[in-house]
1. Is it the case that B:ASP159 is out of contact with any Cys (no Cβ under 6 Å at 6 or more places or on another chain), among the charged types (D, E, K, R) and surrounded by 14 or more Cβ atoms within 10 Å (Cβ to Cβ)?
2. Do you know which residues across the stretch A:227-238 are within 7 Å of another protein chain (Cβ to nearest Cβ) and either hydrophobic (A, V, I, L, M, F, W, C) or touching an Asp or Glu at 6+ places or on another chain (Cβ under 7 Å) (or both)?
3. Can you report the number of residues in the stretch B:49-86 which are more than 14 Å from chain A (Cβ to nearest Cβ) and not charged (D, E, K, R)?
4. Between a first residue in the stretch B:232-251 that is in a strand (DSSP E or B) and a second residue that is aliphatic (A, V, I, L, M), which pairs have beta carbons less than 6 Å apart while being 6 or more apart in sequence or on different chains?
5. Yes or no: the stretch B:100-111 includes at least one residue that is away from every other protein chain (no Cβ under 14 Å) and not aromatic (Phe, Trp, Tyr).
6. Which one of these does B:GLY86 not meet: (1) touching a Ser or Thr at 6+ places or on another chain (Cβ under 9 Å); (2) surrounded by fewer than 23 Cβ atoms within 10 Å (Cβ to Cβ); (3) farther than 30 Å from A:LYS9 by Cα?
7. Condition check: within 20 Å of A:GLN142 (Cβ to Cβ), modelled with pLDDT of 85 or more and β-branched (Val, Ile, Thr). Does A:VAL103 satisfy that?
8. Give, as residue ranges, the helices (runs of 4 or more DSSP H) completely inside the stretch A:352-423 that count at least 3 residues that are closer than 24 Å to A:SER214 by Cα and free of Cβ contacts under 8 Å to residues at least 60 places away in the same chain.
Amino acid sequence: MKKIFYIIKREYLQRVRSKLFLVGTILTPLLLVGIIFISIKFSTMKTSVQHNIALIDLSGQVAQPFAGAFTDKLDDGKPQYNFQFINENRPLEQIQGELSKRVMSRQLDGYMVFSKNVLEDGKAEYHARNVADLTERAIYSQTLSNLITNLRLRKEGLDPAKIEGLTRKARVTMLKISESGDKEERGQTFGVSYVLMMILYTTILMYGITVMRSVIEEKTSRVVEIMLSAVRPTELMAGKIIGVSLVAMTQYLIWAAAGTLIFGYGLAAASSVLPNAAGYLPKIPPYVFVYFVVFFLLGFLLYATLYAAIGAMVNNDQEAQQVQMPVTMLIVVPIIMVGLVIRTPDSPTVVALSMVPFFAPILMFMRITIQTPPWTQIVACIALMLATIGLLIWLSAKIYRVGILMYGKRPSLPELMRWLRYS
Amino acid sequence: MESSETLKVENVSKRFDSFTAVDALSLQVPRGTMYGFLGPNGAGKTTTIRMIMNITIPDSGHIEILGQRMTEDLKRHIGYLPEERGLYPKMKVGETLLFFGEVKGMKASEAKSKIDYWLRKMELVEWKEKKVNELSKGMQQKIQFITTVMNDPDLIILDEPFSGLDPVNADVLKDIMLDFKKQGRTIIFSTHRMEQVEKLCDHICLINKAKKVLDGSLREIKRGYGKNTVVVEYQGDNSFVSDGRFIQSSNDYGNFVELKLKPGANPQELLRSMVDKTTISRFEVTEPSLNEIFKEIVGQSVEQLNAENQERHQAMFSAAAR
């Protein structure tokens, strides 16, 4: 058994020391920190460009309060919006013609025309060079809407402040009842679960393929039979799979540490804007992470054994591309079904699908984070997975044993069946 | 000592579908011998060796090594250099050797001193910290050989050890093999080249088409055929080669001819008939070469069989490519 330790050690060290691992592990979180840092910087940065806008008020009632609603200041203290009021007794077309020229010569960013009966029909036009800015459109519409609503209410003799109090919207808070009795907020937590599920999917696929590549490498470099002069084929396969799983765990640990740091930084940054930022954070119960690791290991073992067998069957990466397709599909299918799980986490279809060992790593994990299923189902699911893994290891080891010494033609399915008898 | 045989193979067979790779093969390798395992390509040498190493499992039969039934644990006492061989290309030479030493059950300190010893012997010391893929093919072969013998195995099995080696390195390898023999270790090596066997081996096993053709001590085998062969190096007239009075068959090797005499033919008379027309630089009455023995038993020479198998291989590959 000591031999297997050296195989694990070699596989682990070779991978952890490789540039690919360095790039994948160290650079990914750094990139994430960078993106978060920059986006926070951008969102708190004020634009330094002043907007020059002319207002033509045909109703004579809204221009002043409209302009008064814009109070944002630029970094240098000047107001962000600079309004000019146009009150001339000339035909509208003439005024608009002149303003359009000023817009084109960039003296103005745009001009707004409030209709004569703006209080009744709410009509206004904004003319500018650039009218594609959706936020700007929303700001103008919202401000004008609020303004004329208030004016209409006043006209009817009602107090706008009182109306606002009376028409305040209701808010439904989502609380979850779980078997352990705690209630947690689910909305933000779900986002994190979803991200965890995607990491689960990506890493199972990525490290499964890593195992396959590693087997192919040993075949193409012809080192495999020299290895077999000292160890059993099963030891070689097991050592490889365990070694790669440890690489994945190392990557998770680094990411978890980096994630905690990023989170801390994000929280500190958010607290400066939102005093109650911590309250908005998703509360993820620790068992989610335990299940994450459990389902990663089970899923990885299941797929890694399949990928190891595929690696033994083929001669090079191109051949592997074709053969691995059905297996890769098995991992992708549950991703398509995630929507179904979210809507009806305990429907018979979802329960049945989540029990299929090939789908369980994604679907059962998703069910656990959305609406924890009865423990009997979780235990049954894990037991089924373990049994499948046992069977697959037995089968793959036989294919592996024959395949790693076969060069040349890729086996057909009937040939593969015969391989099982050779060993 | 449990047994005078290092290796005993009894009635071992292996089939792959309709193809019989090894058919009821039995052989004994006496302790401390240099044992040549030979036959044309595709005769079943590699499959037999893989079965000895417990890498391929025989369908039937029995294999005993160092007096015990073959187990995984016994692999520690065997140094095996496969025909299909290579190394991890991105590992350093020193790292690679340490890894193989450890996998073969050596302590790290012991492995390190052996690594230094062998790298010095193979003149590869300055390559220790280099990656394997920076080495030439010949150097890589030497490293592979070190992985085979670094843990001082009692039994060394080399599958086509000379293939791909340049003459200088082949000589280095040959000397080391002879050293091992002097130390009393048993060496089995397979080859499809008869002349290597004749120079090195004391025991042989000839196989063809999955079956044993002949085995035993090389000296005794040859003695069995008697001194019915004449080797001649000459210049000038070569009509003696087809002289029906003396010669049954001949084989031209370029530098010399090997002539098989008819039963009862007198080599002295042959020599007398030659001297007038031909300049003779060597005339040796001897036992037949292994090549001739093989040809006599099988009906075809090893070269012919190799060429046939080559064609079969190519046909198979082109079928696969289609």
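1. Values: out of contact with any Cys (no Cβ under 6 Å at 6 or more places or on another chain): yes; among the charged types (D, E, K, R): yes; surrounded by 14 or more Cβ atoms within 10 Å (Cβ to Cβ): yes.
For B:ASP159, the condition - out of contact with any Cys (no Cβ under 6 Å at 6 or more places or on another chain), among the charged types (D, E, K, R) and surrounded by 14 or more Cβ atoms within 10 Å (Cβ to Cβ) - is met.
2. Our first condition is that a residue be within 7 Å of another protein chain (Cβ to nearest Cβ); within the stretch A:227-238, this holds for A:228-232.
Answer for the stretch A:227-238, where residues must be within 7 Å of another protein chain (Cβ to nearest Cβ) and either hydrophobic (A, V, I, L, M, F, W, C) or touching an Asp or Glu at 6+ places or on another chain (Cβ under 7 Å) (or both): A:LEU228, A:ALA230, A:VAL231, A:ARG232.
3. From the stretch B:49-86, those more than 14 Å from chain A (Cβ to nearest Cβ) are B:61-64, B:66-69; that's our starting set.
Checking which are not charged (D, E, K, R) leaves us with B:61-63, B:66-68.
Of the residues in that region, 6 qualify.
4. Close Cβ pairs satisfying both conditions: B:VAL232/B:VAL257; B:TYR234/B:ILE280; B:ILE247/B:LEU259; B:SER250/B:VAL241; B:SER250/B:VAL257; B:SER250/B:LEU259.
5. First, the residues of the stretch B:100-111 that are away from every other protein chain (no Cβ under 14 Å): B:109-110.
Narrowing the set further to residues that are not aromatic (Phe, Trp, Tyr) leaves B:109-110.
Looking through the stretch B:100-111, at least one residue is away from every other protein chain (no Cβ under 14 Å) and not aromatic (Phe, Trp, Tyr).
6. (3)
7. Numbers: within 20 Å of A:GLN142 (Cβ to Cβ): no; modelled with pLDDT of 85 or more: yes; β-branched (Val, Ile, Thr): yes.
Criteria not met by A:VAL103.
8. A:375-403, A:413-422
The values are calculated or read from the model by the stated rules, or taken from the named source; none is laboratory data. Bear in mind the structure is a predicted one, so any value in this text is a computation, not a measurement. Positions of Cβ are backbone-derived with ideal geometry, glycine not excepted, and every protein chain shown enters the neighbour counts.
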